[in-house]
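The values are calculated or read from the model by the stated rules, or taken from the named source; none is laboratory data. Remember, predicted model here, so these are calculated numbers, not experimental data. With ideal geometry, Cβ positions are generated from the backbone for all residues, glycine too; neighbour counts draw on all protein chains shown. Side chains are part of the model used for accessible areas, which takes the heavy atoms of the whole protein and leaves out ligands, DNA and RNA. Shrake-Rupley method; radii C 1.70, N 1.55, O 1.52, S 1.80 Å.
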Amino acid sequence: MGHKRSKTRTRAGTDLRGLLRVPGGEPVDLSGYDTRAAAAGPVDKAAGRAATAAIGAHLTGLQERLWAASTAGDRRRVLLVLQGMDTSGKGGTVKHVAGYLNPSGCRVRAFRAPTAEERRHSFLWRVEKALPHPGELGVFDRSHYEDVLVARVRELAPPAEIDRRYDQINRFEQSLTGGGVTVIKCFLHLSYDEQRRRLLRRLDRPDKHWKFDPSDIDDRALWPAYQEAYEIALERCSTPEAPWYLIPADRKWYRNWAVSRLLLEHLGDLDPRYPKADFDVAESRRRLLADRPR
């Protein structure tokens, strides 16, 4: 992967998906997951950045092949879902991971509070409109899970309605994977203390004040409720078709490496190929070599 073996715990054949996948259907206790853990991968920031850059070079080629394959009718695409508490690094992950990709084949959507029009439809309506097209790599900064996370904590819908949404989400994601969408769901697991440090850094820097909202402090009082909401979502919606991956997010460099590595593993399995030419290559070469201005 372009970094010294002594600086990494991950060998070339290691499948990070198996290490970070959340078992579906089993109770999840987030307090039992270390937000600074590094079960595999680079051991320090310098090695992590180098490894992420090396992965980025591979992602660039795989993305181009995925896009090229779509021109010949390949309908496969990838959807990366990023969820986590405020300051867990959803936007930072987009910047550092998707930054290696060609924007023309990348579709990024940040979901905020639904608009009046969106509230008139099913909670999945706005999500369906934002899905990547064949050949694209889509990234959701927050997603349809807001409707079983924020909606649960803030009591924005009746409990029975929220309970139904887990099954709706599972059916929706199953339909996506059945239609050629590779769904990669990453929960960026941040600690309470690290969130405070990041919020304080935003207050210390005038150029970061635009990212701060005093309501962020109010939300911290609801931390236990949000952790419970995430635990339920991870338990009920980590399926064989679309599992959740739990990413330790207290260290930004490790978070970026882990998400990049997951993308690489999924795209590598897809192994998209450049389409064969549908024209006579030799004849085109002959014409180019023989052409003259008229």
Any idea how far apart Ala39 and Thr60 come out in nm if each label point goes 7 Å out from Cα toward Cβ? 3.2 nm
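Given only helices, namely DSSP H runs of n ≥ 4 each adding -39500 (n - 2.57), what is the per-residue ellipticity at 222 nm of the chain, to the nearest 500 deg cm²/dmol?
Values: 12 runs with 139 residues, N = 294.
It lands at -14500 deg cm²/dmol.
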Looking at the P(r) of region 27-174, how many percent of alpha-carbon pairs lie beyond 17 Å? 70 percent
Using a 7 Å offset from the Cα along the Cα-to-Cβ direction at both Arg205 and Ser104, what is the distance between the two label points in nm, to one decimal? 3.3 nm
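I'd like to check one number: the per residue accessible area of the chain, probe 1.4 Å, reported in Å² as a whole number.
Details: 15440 Å² over 294 residues.
Ligands and nucleic acids excluded, the result is 53 Å² per residue.
Tell me, what is a quarter of the convex hull surface for the C-alpha atoms of region 107-232, in nm² with one decimal? Intermediate values should be presented prior to the final figure.
Numbers: hull surface 36.8 nm².
Mean projected area for region 107-232: 9.2 nm², to one decimal.
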With the 8 Å Cα cutoff and a minimum separation of six or more residues, the chain has a relative contact order in percent of 33 percent
Taking 0.36 nm per residue of sequence separation and subtracting the Cα-Cα distance, how much length would be gained by fully extending the chain between Glu118 and Arg285, in nm to one decimal? 54.8 nm
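Given a 1.4 Å probe and every protein chain left where it sits, what share in percent of the accessible area of region 111-257 is carbon and sulfur? Working shown, then result.
On the way: 3500 of 6870 Å².
Exposed carbon and sulfur together represent 51 percent of the surface.
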In nm, the gap between the two label points placed 7 Å beyond Cα toward Cβ at His266 and Ile217 is 3.8 nm
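In the P(r) worked out for region 67-152, what percent of Cα pairs fall beyond 19 Å? Walk me through the intermediate numbers first.
On the way: 1616 of 3655 pairs.
Across region 67-152, Cα pairs with separations above 19 Å total 44 percent.
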Which value, in Å² and to the nearest 10, is the accessible area of Ile217 when all protein chains are kept and the probe is 1.4 Å? 100 Å²
Note down the net charge around Ala68, summing +1 for each Lys or Arg and -1 for each Asp or Glu among other residues with Cβ under 15 Å from its Cβ. +1
Contour excess over end-to-end distance, with Cα ends at Asp163 and Ala72 and 0.36 nm allotted per residue: 28.6 nm
Can you give the three extents of the C-alpha atoms in the chain along their principal axes, from longest to shortest, in whole Å? 75, 51, 42
